[in-house]
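First comes the structure, then the notes that go with it.
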Amino acid sequence: MTDERVKELGFAQKLLMRPEMGAFCGVILVLIFFLLIAADNGMFNPDGIQNWSVVSAQFAIIAVGACLLMIAGEFDLSVGSMIGFSGMVLAIASLHFGLPVWVGILLAFVLSMALGAFNGFLVIKTGLPSFIVTLAFLYILRGLTIFMSVTTTNKTILSGMKPLAEEDWLAPFFGGEAFQGFFQWMGNMGWIETYTRGIFEGQPVVSGVPALIFWAVGLVIFAQFLLTRTPFGNWIFAAGGDAHAAAYAGIPVKRVKILMFMFTAFCACVFAMCQVTEFGSAGADRGLLKEFEAIICVVIGGALLTGGYGSVIGAGLGAIMFGVVQQGLFFSGAESSLFRVFLGGLLLIAVITNTYIRRRVIGAGD
Amino acid sequence: MQPPPLPDPILSLRHISKSFGGVKALQDVSIELRPGETTALVGDNGAGKSTLVKVMSGVLRPDEGQYLFEGREVPVNGPRDVARLGVQTVYQDLALCNNLDAVQNLFLGRERTGPWWTGFRVRRAECERRARDVLRRMRLDSIALDRPVGAMSGGQRQNIAIARSILWEPKVVLLDEPTAALSHSAAEQVGALINGLASHGLAVLVISHDIHNFVLENSDRIEVLRLGKNAAHFRSGEVTGEQVVNAMVGGKEGVNSAA
Ligand SMILES: Nc1ncnc2c1ncn2[C@@H]1O[C@H](COP(=O)(O)OP(=O)(O)O)[C@@H](O)[C@H]1O
Ligand SMILES: [Mg+2]
């Protein structure tokens with residue numbers, strides 16, 4: 001049987017067909033672009049790099065969850081509300097009720113993952129599109145968070161977490177920094193700039209690698225391994241590609257999807273824990289629009305909105321691209337409204353090319 | 001001349017009845033599958049063919065009747081019990097995931113993994129080797145293992161679905177309309193494949209509507225269902241297409257007697 005369609009693809013062709021290819025090229029392009037126009041403004045000095053890598057890492061953390069969920073064929077539009085909620089849980093637990101910070105952190109994880117499971121359960125049980133169910137949840141959860149915060153503390157922003165977090169054993173895993181000695185040494189050697197005045201005098205402008213970055217890299221590696229190397233990864237692809245066929249093959253499709261909703265909530269909670277412990281405050285309105293930013297990173301990273309196709313590495317690259325452009329425009333002093341124009345355009349291009357590439361790879365069959 | 005002795009049936013269903021609400025899909029139906037033989041199950045739409053296959057594959061539980069495997073009555077409480085006996089089914093809609101490649105589809109839900117310290121990593125190389133073995137046995141070496149099956153032709157997809165059923169070295173294979181969506185040449189390939197399975201000693205049941213080109217060519221026996229009942233039983237070499245069709249639609253019993 002000789003059939004034109006069964007020919008093995010060439011190496012280069014295979015590489016070009018990979019879902020993360022577009023985001024990879026995009027990252028290179030925006031880095032070159034801003035090296036040309038914003039390098040003079042300090043974007044690629046140590047503190048500049050830290051600035052946009054932290055922003056990128058924040059995007060990456062929530063994009064990883066959204067990515068696996070989208071490949072499993074579902075959305076979660078309540079990610080932003082989940083960020084506000086879990087941050088407030090931590091702040092209220094430790095500031096209002098005086099619980100140890102680590103207890104507050106664990107409580108935030110337990111509650112947000114339980115809500116994620118409930119979200120998934122609702123979607124599965126009702127059979128409604130997750131788009132509409134989680135959109136409802138976006139409002140419900142945001143409202144409940146504000147209500148909870150106002151009725152217990154009379155405020156919607158709680159600050160003063162910083163000293164508590166510094167004494168805690170668990171909080172530094174979210175708000176701390178690593179390699180501080182190394183950075184101080186580099187500062188002393190004159191390799192990175194140090195402050196010359198004020199209370200930080202003598203300290204390097206970048207004092208270490210924020211925990212946030214480790215979370216982002218760790219989550220990307222974990223999710224990429226899970227997705228591409230384990231049976232569970234196959235199940236995620238199968239659940240999003242063809243839930244009916246997956247069920248015939250004995251895959252517990254419902255359980256897979258609910259677990260992915262929980263993982264998305266977990267990622268949102270990581271984001272919130274890092275934010276609250278690092279900056280020392282929580283707000284009931286935190287995380288606005290984050291669900292869309294996560295989805296944009298995932299789509300730039302090559303995933304299909306219809307499920308069954310995508311890449312975690314791609315989502316990570318999408319997050320880097322997002323962060324570089326947002327902060328790059330800031331460094332180059334461009335009008336910030338341009339960022340939205342750029343983002344919308346990028347999203348359109350990504351969706352169009354993904355759909356086209358998918359047709360070539362999976363076939364226009366269904 | 002003495003006919004060669006028949007092998008004992010490996011799978012037999014006796015006096016099976018199954019109703020859906022008021023619809024009597026199967027009434028007192030019996031069927032036997034023998035090793036090394038292909039049995040064609042034919043009948044008009046709604047005759048109960050798929051229902052019978054689903055009873056055989058354990059997806060449906062009959063209201064009445066016996067399920068015998070290798071001569072012994074066995075309890076069947078679901079598809080897993082049947083799979084454990086060595087009975088595999090290729091469903092009418094194939095149940096393949098278009099976005100997964102051939103190897104992922106073949107092993108979906110039954111992936112081979114390394115120990116915990118590898119993170120339960122799928123043994124991809126081992127799976128590919130087994131997949132290639134099976135496809136070579138089926139003379140399908142040209143199927144690309146690492147491309148999404150959605151990009152493949154209907155015939156290739158059908159073949160992968162069949163490969164998935166024989167990957168686990170079953171004794172019995174049930175195929176529900178494997179040629180319905182195929183071109184003539186692709187259907188011929190599936191026919192050759194089925195013959196290959198039977199010649200390796202498997203018992204094969206195949207549903208098809210194509211009496212003249214497929215059933216008569218590729219089966220040893222023909223079991224006709226009509227309105228949920230056994231209507232006729234033929235040996236493929238001793239019957240014409242008209243006789244089979246007559247039995248399906250309830251015309252006069254056998255053209256011979258009408259002469
Ligand atoms: N799940 C079901 N629920 C209700 N009726 C069914 C179901 N499955 C099959 N039937 C009915 O049983 C009869 C036999 O159907 P089926 O076995 O699919 O026929 P065939 O495969 O021979 O075309 C039909 O009248 C069909 O409507
Ligand atoms: Mg049928």
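Coordinate-derived values only; no laboratory data. Fair warning: this is a prediction, and the values are worked out from it, not measured in the lab. Here the Cβ positions follow ideal geometry from the backbone for every residue, glycine too, while neighbour counts run over all protein chains shown.
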So what's the range A:147-238 giving for Cα Rg divided by 2.2 N^0.38 Å, two decimals? 1.64
With Cα coordinates, the longest principal axis of chain B makes an angle with the long axis of helix B:154-166, in degrees rounded to 10, of 90 degrees
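Summing Lys, Arg as +1 and Asp, Glu as -1, what charge do residues with Cβ under 15 Å from the Cβ of B:PHE107 carry, B:PHE107 excluded?
Working: positive: A:ARG229, B:ARG110, B:ARG112, B:ARG121, B:ARG123, B:ARG124, B:ARG129, B:ARG130, B:ARG132, B:ARG164; negative: B:ASP101, B:GLU111, B:GLU126, B:GLU128, B:ASP133, B:ASP146, B:GLU169.
Here the charged neighbours net out to +3.
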Using a 10 Å cut-off on Cβ to Cβ distances, tally the other chain neighbours for every residue of B:150-161 and report the average as a whole number. 3
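Going highest first, how would you order A:18-28, A:274-284 by mean Cβ packing within 10 Å?
Values: A:18-28: 19.6, A:274-284: 23.9.
Going by the mean number of other Cβ atoms within 10 Å, highest first, we get A:274-284, A:18-28.
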Which order do the peptides A:104-110, A:187-193 take when ranked by the mean count of other beta-carbon atoms within 10 Å per residue, highest first? A:104-110, A:187-193
Less than 10 Å Cβ to Cβ from B:ASN230, Lys/Arg counted +1 and Asp/Glu -1: what total charge do the surrounding residues give? 0
Inter-chain Cβ neighbour average for residues B:111-124, partner chain, 10 Å: 3
Take the alpha carbon gyration tensor of chain A, find the square roots of its eigenvalues, order them as a ≥ b ≥ c, and report rounded if a/c is under 1.5; if not, report prolate when a/b exceeds b/c, else oblate. oblate
Farthest toward the dipole's positive end in the range B:101-168, which of B:VAL149, B:ASN105, B:ILE166, given Cβ charges of +1 (Lys, Arg) and -1 (Asp, Glu) about the Cα centre? B:ILE166
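If you put +1 on each Lys and Arg Cβ and -1 on each Asp and Glu Cβ, how big is the dipole of the protein assembly as shown around its Cα centre, in Debye rounded to 20? Provide the component values of the computation, followed by the final result.
Numbers: 49 positive and 50 negative charges, 113 e Å.
Its charge dipole is roughly 540 debye.
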Residues of the range B:107-143 with amide N under 13 Å of a point placed 7 Å along Cα→Cβ from B:GLU217: none
A:PHE266, A:PHE121 arranged by Cβ crowding within 10 Å, fewest neighbours leading: A:PHE121, A:PHE266
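If neighbour count is taken as other Cβ atoms inside 10 Å, put B:ILE222, A:ILE313 in order from fewest to most. Before the final figure, lay out the partial values.
Numbers: B:ILE222 25, A:ILE313 22.
Result, fewest neighbours first: A:ILE313, B:ILE222.
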Once both label points are put 7 Å beyond Cα along the C-beta direction, the B:ASP28-B:VAL249 separation in nm becomes 2.7 nm
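Can you give the FRET efficiency for B:THR113 and A:LYS125, using 1/(1 + (r/R0)^6), R0 = 41 Å, r = Cβ-Cβ distance, to the nearest 0.05?
Values: r = 31 Å, r/R0 = 0.75.
According to the calculation, E is roughly 0.85.
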In deg cm²/dmol, rounded to the nearest 500, the helical mean residue ellipticity at 222 nm of chain A, built from -39500 (n - 2.57) for every DSSP H run of length 4 or more, is -23000 deg cm²/dmol
Using 1/(1 + (r/R0)^6) with R0 = 35 angstrom and r between the beta carbons of B:ARG80 and A:THR228, what's the FRET efficiency to the nearest 0.05? 0.80
Loop only by DSSP, 13 or fewer other Cβ within 10 Å of the Cβ. Give me the trypsin sites (Lys or Arg not before Pro) in the range B:121-196 that pass, ordered by residue number. B:ARG139
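Might you report the magnitude of the Cβ-based charge dipole of the range B:101-168 about its Cα centre, with Lys and Arg at +1 and Asp and Glu at -1, to the nearest 20 debye? Numbers along the way, then the final one.
Values: 14 positive and 7 negative charges, 31 e Å.
Magnitude of the dipole: close to 140 debye.
If you take every residue apart from B:GLU64 with its C-beta less than 12 Å away from the C-beta of B:GLU64, what net charge results, scoring Lys and Arg +1 and Asp and Glu -1?
Values: positive: B:ARG14, B:LYS18, B:LYS24, B:ARG61; negative: B:ASP28, B:ASP63.
Neighbourhood net charge equals +2.
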Contact order normalised by residue count of the range A:217-366, Cα under 8 Å, 6+ apart, percent: 20 percent
Pull up all non-local amide H partners of B:ALA232: gap of 5 or more, or a different chain, and H-to-H distance under 5 Å with H placed in the peptide plane. B:VAL224
Return the sequence-ordered ³J(HN,Hα) values of the range B:120-133 in whole Hz as given by the Karplus equation 6.51 cos²θ - 1.76 cosθ + 1.60 applied to θ = phi - 60°, using x for Gly and Pro. 6, 5, 5, 7, 4, 4, 5, 4, 5, 4, 5, 4, 5, 4
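Counting alpha carbon pairs within less than 8 Å and at least 6 residues apart, what relative contact order, in whole percent, applies to chain B?
Working: 490 pairs, mean separation 66.8, N = 259.
Once divided by the residue count of chain B, the mean separation gives 26 percent.
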Percent relative contact order of the range B:101-168, based on C-alpha pairs within less than 8 angstrom and at least six residues apart? 41 percent
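One-quarter of the Cα convex hull surface for the range B:101-168, in nm²? Could you put the intermediate results ahead of the total?
Details: hull surface 18.0 nm².
The Cα convex hull of the range B:101-168, projected and averaged over all directions, gives 4.5 nm².
Give A:LYS155/A:LYS290; A:LYS125/A:LYS155; A:LYS125/B:LYS18; A:LYS162/A:LYS290; A:LYS125/B:LYS229 a once-over and call out the pairs whose C-alpha atoms are over 31 Å from each other.
Numbers: A:LYS155/A:LYS290 23 Å; A:LYS125/A:LYS155 36 Å; A:LYS125/B:LYS18 29 Å; A:LYS162/A:LYS290 24 Å; A:LYS125/B:LYS229 38 Å.
Pairs exceeding the cut-off: A:LYS125/A:LYS155; A:LYS125/B:LYS229.
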What FRET efficiency comes out for the pair A:THR306/A:PHE179, r = Cβ-Cβ distance, R0 = 60 Å, nearest 0.05? 0.90
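Can you give me the span-like helices of chain A, meaning DSSP H runs with 24 Å or more of Cα extent along the axis and Kyte-Doolittle mean at or above 0.5?
A:21-38, A:46-71, A:101-126, A:130-153, A:211-229, A:253-279, A:312-331, A:337-362
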Would you mind giving the mean number of other chain beta-carbons within 10 Å of the Cβ of each residue in B:103-109, as a whole number? 5
5 angstrom amide H check on B:GLU64, placed H, neighbours 5+ away: B:SER17
